[in-house]
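The values are calculated or read from the model by the stated rules, or taken from the named source; none is laboratory data. Just so we're clear, the structure is a prediction, and the values are computed from it rather than from any experiment. Positions of Cβ are generated from backbone atoms using ideal geometry, with glycine treated the same way; all protein chains shown enter the neighbour counts. In case anyone asks, the SASA skips ligands and DNA or RNA and just uses the protein heavy atoms, side chains included. Shrake-Rupley method; radii C 1.70, N 1.55, O 1.52, S 1.80 Å.
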Amino acid sequence: MTNYGRSHPPRVRERCVVAFILLTSAVHASQVEAQSLGVQGSWAQDAAGLLGGDGISTQLGVGGRVELPTSILRAVGSFDYFFPDCDDLSGGATGCKYWEFNANLAIPISSGTLNPYLGGGLSLAGTSITAPEVDGSGPTAETTTTSFTETGFNVLAGVRRAVGSLMAYAEARVEVAGGEQFVLSVGVLWGR
């Protein structure tokens with residue numbers, strides 16, 4: 001028997017939100033100029049590390065990027081997978097994973113040889129840490145993995161420059177809440 005009064009499990013709700021976003025994007029695609037796809041390399045400094053606190057201090061990452069320009073703004077989606085150093089964590093962590101997805105809006109400041117822009121948006125950061133379990137006598141041979149995601153905001157500034165048929169860019173992003181990092185990214189885009 002189907003019970004229509006119950007709320008959907010979280011994964012079903014997430015899938016519905018993603019489907020809605022994709023559908024909305026497809027409907028508005030006619031208003032968007034050509035999209036650009038690219039790759040990027042990133043360097044991140046953990047906000048706690050910047051302030052002298054504990055935490056994963058620096059990370060290198062790789063990722064992808066898509067840009068959808070409109071008449072005024074540029075919608076920018078990026079994904080980075082970072083390679084954190086587990087040695088920076090207490091508790092003898094044996095495995096660390098960190099990724100983030102960013103959805104931003106960028107506004108061009110001027111145009112010329114270098115095309116600066118400012119923007120901001122949302123971030124979704126995911127972390128997974130594997131560490132030995134601890135009992136009364138200390139660490140055991142068993143491990144446990146803890147995973148969590150956080151949402152936050154980011155503010156960014158960058159510059160773009162045409163290089164032949166490619167568009168090169170460099171961007172600085174400060175994440176507030178969520179990832180809580182200072183990130184520098186450089187990359188290239190195909191299409192403009």
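For region 36-49, the criterion of being modelled with pLDDT of 90 or more, open to solvent by 80 Å² or more (accessible area, probe 1.4 Å), of a type outside the set (Ser, Thr, Tyr) and under 17 Å from Val186 (Cα atoms) is met by at least one residue. When Asp135 is tested against (1) free of Cβ contacts under 8 Å to residues at least 60 places away in the same chain; (2) under 17 Å from Tyr81 (Cα atoms), only condition (2) is not met. Can you pull out the residues in region 175-188 that are open to solvent by 10 Å² or more (accessible area, probe 1.4 Å) and either farther than 15 Å from Glu150 by Cβ or among the hydroxyl-bearing types (Ser, Thr, Tyr) (or both)? Correct list: Phe182, Leu184, Val186, Gly187, Val188. Taken over region 64-91, residues that are at pLDDT 65 or above, part of a loop (DSSP other than H, G, I, E, B) and over 20 Å from Ala125 (Cα atoms) amount to 4. Applying the criterion of being among the hydrophobic types (A, V, I, L, M, F, W, C) and either in contact with a strand residue (DSSP E or B) (Cβ under 8 Å, 6 or more places away or on another chain) or at pLDDT 90 or above (or both) to the residues of region 50-63, the residue that is surrounded by the most Cβ atoms within 10 Å (Cβ to Cβ) is Ile56.
Matching residues to (1) open to solvent by 40 Å² or more (accessible area, probe 1.4 Å); (2) in contact (Cβ under 8 Å) with a residue 12 or more places away in the chain; (3) touching a Phe, Trp or Tyr at 6+ places or on another chain (Cβ under 6 Å):
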site: Cys96; (1), (2), (3): no, yes, no
site: Ala106; (1), (2), (3): no, yes, yes
site: Ser147; (1), (2), (3): yes, yes, no
site: Met167; (1), (2), (3): no, yes, no
